[in-house]
Amino acid sequence: MTTQNKSIVQRALAGLIDRGDTDTLASFLSEDFIHHRPDSTTSTKAEWLAAVRAALGPTAGMQVEILHVLADSDHVVVHSRRQLPDGGPEIVVVDVLRIADGAIAEVWEIIEPVAHAATNLAWWEAARQ
């Protein structure tokens, strides 16, 4: 199951990253798909796909580099680095996807601007001293 679930996510993302193909991505999402943001808001399949189209569509300009795809049972984790368009910040994103019945049922997204990484680690350094 782990290998199959990883393959589902890789196929869903392949066309999106290369060509901004959101239709292929949509075909891998369950009808009751839910996207979770770090601020505890959620969006439906239609809402999330609209946001993805705006950010990653053929003319949107966001560049995405997939760094890792890891799978364990019904969860797949995607670690990526993204350059926002028009001189926007570079961000690192971790998406945790839950697969159910061969489709992506949920995604939890964690985002950190690369420029904030050192500041966000200050608590860690203080705890180690």
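FYI, it's all coordinate maths here, none of it is from the lab. Owing to the predicted nature of the structure, the values given are computational and were not obtained by experimental measurement. Please note: Cβ atoms are built from the backbone with ideal geometry, for glycine as well, and neighbour counts cover all protein chains shown.
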Query raised in the report: Under the condition of being among the charged types (D, E, K, R) and assigned to a strand (DSSP E or B), which residue from the stretch 17-43 is surrounded by the most Cβ atoms within 10 Å (Cβ to Cβ)?
Result: D32
Requested in this report: Just give me the residues in the stretch 74-100 being more than 13 Å from the chain's Cα centre (by Cα) and over 19 Å from I34 (Cβ atoms), in sequence order.
Outcome: Q83, L84, P85, D86, G87, G88, P89, E90
Query raised in the report: Pairs under 8 Å by beta carbon, first residue charged (D, E, K, R) in the stretch 104-124, partner part of a helix (DSSP H, G or I) and loosely packed, with under 13 Cβ neighbours inside 10 Å, six or more apart or different chains?
Result: E112/N120
Query - Unique residue being more than 24 Å from N120 (Cβ to Cβ), of a type in the set (G, A, S) and in contact with a strand residue (DSSP E or B) (Cβ under 7 Å, 6 or more places away or on another chain) when the list is S43, S73, S80 - result: S43
